[in-house]
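Below: the structure, in structure tokens.
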Amino acid sequence: MSSPTLSEVTSCLAGYDPDALPVRDAQRIISQFIEPVGGVEDVALLSALGRVLAADIISPISVPAHDNSAMDGYALRGTELDAHGPTTLSVVGTVYAGRPSDTVPGPGQCIRIMTGGVMPAGCDSVIPQEHVAAITEHSITIAPGSIGIGENRRFAGEDLMAGSAALKSGKIIRPADLGLLASLGIGQVRVRRRLRVAFFSTGDELRSLGEPLDAGCVYDSNRYTLFGMLTRLGCEIIDMGIVRDEPQALEAALRDACACADAIVTSGGVSVGAADYTRDIMAKMGDVTFWKIGMRPGRPLAFGRVAANGHTAFLFGLPGNPVAVMVSFYFFARAALLRMMGAEAPLLLVKARAAAPIRKKPGRTEYQRAILALGEDGQQQVHITGSQGSGILRSMSEANCMVVLHDEQGNVAAGDMVDIMLFDGLV
Ligand code: AMP
Ligand code: MG
């Protein structure tokens, strides 16, 4: 089956208007148009952190492999315990972790056992040593009711059974997964090849670091935020620098990017006015559409696929304003790039209490930069970080989350619950 064209995808959408497109419609169109890229490689376990698993991992062994003790203590048969008076058992051996014992305790006997030690045959319970009423050289005495039958025994396979699915294809490998794979004895994993993403900034007013800042010019900051966001996603990045506001320069940059990348992320040059020649070039090079999205910050976005010399690449033409480029990246490009990588990592919005009223117009989605912190009452609350202009990058830098106010929402009152997207989790 050949890939759909953008117009085939958008024709399925009721009331499609590229000049007034709701955020969720844009997200839906992008996800339907985007396709995963092929290619896998085998990497050593320590190189797999942050990579996308290319196949299900079926557990080759049970973890743990044997029933074992969860405590340092004494392994015994629960039926030996007297419910009404003290029980004295003689200690007939010791089991250390990694050194199983063949000794089978008989009636009136128990075995000293360390955490992780294999449960001796016939034993079903472990009394932790600190719960033993009295310990002599060769025996222990247990008070009635000190433990229940079956306590402190870990079962073989309780973490993972041999033959069961341990990790699913598409999982982004995190520290726990590295440990889990190691626990299965797996030292090499098949992962998707890294996604290659080329990016550049557009604008005659942009200066690179190290250049003098001429009158009316600004330093190119978007390439740095894009570098950070793409690197965090685990992409292989191709930094193409600044492209002047000239049709030939844009066309040449897109051609070069097509030749080496799976996706191209640009910033600037897609807003009204600037968009005219961008639109012509992009239309000439492929299947690209220009949207005005019902959102703030953001709004202009170019999306599609470009082709040159037999290579194609998905294109995300993000707005130029420094906050808008980040918001558009997080809410449109991120999910698409992850989908191209074959990864499953939905954006998680969580609820938080608004510390103060927030003004909001219904009919568009607003992404307000905010700080989630403990209030005086000890409860978490979220408050907006000062000025929300789409060029004010400080609002983003100071924030630890964004409040997402959806299309239909209006003003928020202090104390209302709102959706937020946290910037950082555990890394
Ligand atoms: P544009 O979308 O190209 O009209 O740009 C909108 C605004 O964002 C202008 O004020 C630009 O100067 C600014 N801008 C565009 N690209 C960048 C960039 N790479 N770094 C910093 N500011 C930028
Ligand atoms: Mg520009």
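One table, with the values for the structure above:
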| quantity | calculated |
| --- | --- |
| Condition check for L393: surrounded by 14 or more Cβ atoms within 10 Å (Cβ to Cβ) and farther than 19 Å from G415 by Cα | yes |
| Failed item in (1) surrounded by fewer than 13 Cβ atoms within 10 Å (Cβ to Cβ); (2) among the hydroxyl-bearing types (S, T, Y); (3) modelled with pLDDT of 95 or more, with S387 passing the rest | (3) |
| Residue satisfying all of: in segment 272-285; under 13 Å from D245 (Cα atoms) and under 34 Å from the mean Cα position of the chain (by Cα); modelled with the lowest pLDDT among these | A275 |
| Every pair of residues 6+ apart whose Cβ atoms lie under 7 Å, when the first sits in segment 391-404 and is assigned by TED's automatic domain parsing to the domain that holds D416 and farther than 17 Å from Q380 by Cα while the second is aliphatic (A, V, I, L, M) and within 16 Å of ligand 2 (Cβ to nearest atom) | G391/V323; I392/V323; L393/V323; S395/V323; M396/V323 |
| Yes/no for R192 being in contact (Cβ under 8 Å) with a residue 60 or more places away in the chain, away from ligand 1 (no atom under 16 Å from the Cβ) and in contact with a Cys (Cβ under 7 Å, 6 or more places away or on another chain) | no |
| Set L226, L206, L213: member being within 19 Å of the chain's Cα centre (by Cα) and either within 16 Å of ligand 1 (Cβ to nearest atom) or in contact (Cβ under 8 Å) with a residue 60 or more places away in the chain (or both) | L226 |
| Where a residue in segment 298-321 is touching a residue at least 40 places away in the same chain (Cβ under 8 Å) and its partner, wherever it lies, is among the basic types (K, R) and buried (at least 21 other Cβ atoms within 10 Å of the Cβ), with Cβ under 6 Å and at least six apart | T312/R305; F314/R305 |
| Qualifying residue in segment 349-357 (condition: closer than 24 Å to K171 by Cα and out of contact with any strand residue (DSSP E or B) (no Cβ under 9 Å at 6 or more places or on another chain)) | no |
| Single match in V350, V327, V412, V404 (criterion: under 20 Å from the mean Cα position of the chain (by Cα), over 28 Å from S221 (Cα atoms) and modelled with pLDDT of 95 or more) | V350 |
| Unmet requirement for Y219, which otherwise passes all of (1) hydroxyl-bearing (S, T, Y); (2) more than 10 Å from ligand 1 (Cβ to nearest atom); (3) more than 30 Å from G38 (Cβ to Cβ) | (2) |
| Unmet requirement for D82, which otherwise passes all of (1) within 21 Å of D159 (Cβ to Cβ); (2) touching a residue at least 60 places away in the same chain (Cβ under 8 Å) | (1) |
| Count of residues meeting criterion [among the polar types (S, T, N, Q), assigned to a loop (DSSP other than H, G, I, E, B) and under 22 Å from the mean Cα position of the chain (by Cα)] in segment 373-401 | 1 |
| So D424, is it closer than 18 Å to F331 by Cβ and either away from ligand 1 (no atom under 16 Å from the Cβ) or buried (at least 19 other Cβ atoms within 10 Å of the Cβ) (or both) | yes |
| Strands (runs of 3 or more DSSP E) contained entirely in segment 162-240, each with at least 3 residues that are within 16 Å of ligand 2 (Cβ to nearest atom) and either of a type outside the set (A, V, I, L, M, F, W, C) or not assigned by TED's automatic domain parsing to the domain that holds S397 (or both) | 196-202 |
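The values are calculated or read from the model by the stated rules, or taken from the named source; none is laboratory data. Predicted, not measured: the structure shown is a model, and the values here were computed from it. Positions of Cβ are generated from backbone atoms using ideal geometry, with glycine treated the same way; all protein chains shown enter the neighbour counts.
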